Each structure stands twice: as C-alpha cells, then as structure tokens.
Amino acid sequence: MRRALIVANWKMYGRREFVADYVRDLSGGLSGSIPADLVICPPAVYLGDLTRHLPAAIEAGAQDCSPDRDDGAYTGEISASMFADMGCRWVIVGHSERRHRLHEDNSLVAAKFAAVLAAGVRPILCLGETAEERASGHAESVVLNQLESVLDTIEIGGLARAVIAYEPVWAIGSGTSATPADAQAMHELLRHAVERRSPRMAKEVRIIYGGSVKPQNAVGFFRLSDVDGALVGGASLNAGMFLEIVYAVGTSRV
Ligand code: PGA
C-alpha cells in the first residue's frame, strides 16, 4: 500500500510567534508511530523558523516557486534550488489560488514542476476544476488536461518523486468538500491517465485530496482506494486539528 501523505498548506497566514507555538503543539501532540508522511508549507519567509524547530519526522515545503532554474534578475522570485538550500523537501505547484488569481496557466505550472524536479526537490502538483466547469460536464477534461500538460513536459520517471493533489476549486475554503465518491472517481481517472504512460508509476504515485478536509470528514477520504492522503488548508492552521486528520489515517487505512 502507498504510504499516506498529509500536507499542511498555511497559505498567507501566520507570524513568527504562530510558527513557534504551532511547532511546539505539533511536537507535543505526536505520539507513537506516525501513520503518514507529514509536510508543512508555511509562507516562504517563515521557512527558516519552521525548519529550525521541526521534529525530524516532519518535512518542510514551499507553496510555490519560480519556473527559472538559474539565479537571475527575477525580482521577487524564489527558485526551487533556494528552497532546497533552506531545507525544503517539497514545493506545491499549480495551486488553484495561483492559477486563478495570478493567471498561472498549464505551461507555467509545467515549467515550475520541471524546475522543482531539476532542483532535486519534490513537486506537489495541484489540479482541479471550477464549479462552472463541473456544472457544464467538463470537470474530467479540465483536470486531465492539467495533468497531461505536465506529463508531456517531463520524463515519466520524474513522477516517482512527485505527488498529485486533486483539489476541486469549489471545495477549497468553502466548507463543502467533494463527496468521497466524486473524489474516488476523479482519483481513479487520474491514475488511469498515468497508467497509460507507465503502469508502474500508476501504482506508485500518491494522489491526495484537498478541499475542506477536516477531522470530521478525513476518514471518509482515507478509506478510498485511490486517495493517498490530503492537502489541508484551513484546518491545518490549528495543530490539534491537523493532528486529528493525521491520526485519522491510522483508523482508516488498515
Ligand atoms: P482548504 O484548502 O482545506 O482550506 O479547503 C485546501 C487548499 O487550498 O490546499
């Protein structure tokens, strides 16, 4: 069975004091064997604070990076290799808040994904349809297109270091998650798309769900055969709630 992965995406929340309190609460709440790989993605400026205090079992990630691999005159940008230098093991690419608010398109997301791999870091590729795309029957084609544009850019072996996160846009921050049945159907579709290129990679790649995951609904997702964990936004800002989601893995994937 693929080991579960739970990722906390803090988005633009937190201050230095919050980071210190959070790490203390998280470390204090961990007990026994941890049933999943854990990644915390704070705002980039707090990565140093986070990695200084993070328990060894938990890894740090960035929420985005530059598509450019080499240092250069790119004001405001941070490269994947700079994140690696800061002790980051993961970078989220293609989050819908960037696709929609900042108009990041599939080719930019693919360039970022490739840059993350080139830096020796692991990409978390976010995919997801809007409410309108779902209502008009285009959810599957939109999400497949987002995946294929990345797979067309990389060697398929690169997926071994990546994670796919299905996050329906309408479920993010709305309090209304996808139903487990809808999530399973989409995860299966994505896995089949990978299978067409590499049956081995389809078995190995972790596909996690994101969009209003909470302690109350986490078990329903973790029981699904093609859901390998969660990308958690709002609920990840509370260390106690995040831990409840993490330990829900232990009760659902037996
Ligand atoms: P949410 O965010 O858990 O607050 O819905 C998820 C995400 O945007 O990654």
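Here, each number is a calculation from the coordinates, and none is a lab measurement. Source: prediction; values computed, not measured. All Cβ positions, even for glycine, are placed from backbone atoms using ideal geometry, and neighbour counts span all protein chains on display.
A few notes on this one:
- Straight Cα distances below 20 angstrom link LYS11 to the lysines LYS112, LYS214, with same-chain residues fewer than 8 positions distant left out.
- Footprinting exposure proxy for TYR247, TYR22, TYR209, TYR166 (fewest neighbouring C-beta atoms within 10 Å first): TYR247, TYR22, TYR166, TYR209
- The range 73-209: proportion of alpha-carbon pairs further apart than 24 angstrom, %: 28 percent
- Shape index of the range 159-202: Rg/Rh, with Rg the Cα radius of gyration and Rh the Kirkwood radius from the inverse mean 1/r over Cα pairs, equals 1.06.
- Prolate/oblate/rounded call for the range 150-232, Cα gyration tensor, a/c under 1.5 rounded: prolate
- The charge dipole of the range 140-190, taken about the Cα centre with unit charges on the Cβ atoms of Lys, Arg (+1) and Asp, Glu (-1), comes to about 180 debye, rounded to the nearest 20.
- The chain: most fluctuating residue of SER141, SER96, SER236 per GNM, C-alpha cutoff 10 Å: SER141
- Residue (of GLY76, PRO215, SER149) at the positive-pole extreme of the chain, dipole from beta-carbon charges: PRO215
- Dipole magnitude (debye, nearest 20) for the chain, charges at Cβ of Lys, Arg, Asp, Glu: 640 debye
- Over all Cα atoms in the chain, the spread is summed up by Rg and Dmax: 17.0, 50 Å.
- When the chain is treated as a GNM with alpha-carbon contacts under 10 Å, the residue of THR75, THR176, THR130 showing the greatest mean-square fluctuation is THR75.
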